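Worksheet for the structure shown next.
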């Protein structure tokens, strides 16, 4: 059986995947697949694109989000003019970028962990 992220809705923490504090700890492989396919703005991860949630997350974990972005990209991405129109839009931009980068960085690890679970069940 071919492992796909879309087929799994249990939290990735159960697979031994570390989830940053600024991402919901119950994020599952199917949500990661949706983020990878369409980004947070597609509705795949609403906490990053809902103004009040993104603002709250950035208020609590903004330094960690920026550190993650810098580590992934080698710099903090620059928002465009529309994304700079408000604090809320900036929070959504940076949190979405960090969530998308994290999802990309764990895709192979999650896929391998799921394949290992399927092998154990055989």
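Against the main long axis of the alpha-carbon atoms of the chain, helix 29-38 sits at an angle near 50°.
Against the chain, whose longest principal axis comes from its Cα atoms, helix 87-121 is set at around 10 degrees.
Over the chain, what is the relative contact order in whole percent, taking alpha-carbon pairs under 8 Å and six or more residues apart?
Result for the chain is 30 percent.
Which order do peptides 32-38, 62-68, 91-97, 14-20 fall in by mean Cβ count within 10 Å, highest first? Walk me through the numbers before you get to the answer.
Details: 32-38: 18.6, 62-68: 16.9, 91-97: 23.6, 14-20: 13.4.
Packing proxy ranking, top to bottom: 91-97, 32-38, 62-68, 14-20.
Where only DSSP H runs of four or more residues are counted, the chain gives -19500 deg cm²/dmol as its mean residue ellipticity at 222 nm, each run worth -39500 (n - 2.57). Each listed q (0.11, 0.14, 0.15 Å⁻¹) maps to a log10 I(q)/I(0) for the chain, found by the Debye formula over equal Cα scatterers with no solvent: -0.38, -0.59, -0.66. Give the residues of segment 62-96 whose amide nitrogen is closer than 17 Å to a point set 7 Å from the Cα of residue 42 in the direction of its Cβ. Counting only backbone N, you get 96. Could you let me know the centre-to-centre spacing of segment 1-58 and segment 66-93, using Cα atoms, in angstrom? Between the Cα centre of segment 1-58 and that of segment 66-93, the gap is 19 Å. Between residue 85 and residue 112, the C-beta separation translates, for a Förster distance of 41 Å, into a calculated FRET efficiency of about 0.50.
Counting only Cα atoms, segment 1-64 measures 43, 25, 15 Å along its principal axes, largest extent leading.
As a calculated quantity, the FRET efficiency between residue 9 and residue 51 at R0 = 25 Å, using C-beta atoms, amounts to about 0.40.
Bear in mind that the values in this text are calculations on the coordinates, not laboratory data. If you're wondering where the values come from, they're calculated on a predicted model, not measured in any experiment. Note that we place each Cβ from the backbone using ideal geometry, even for glycine, and neighbour counts take in every protein chain shown.
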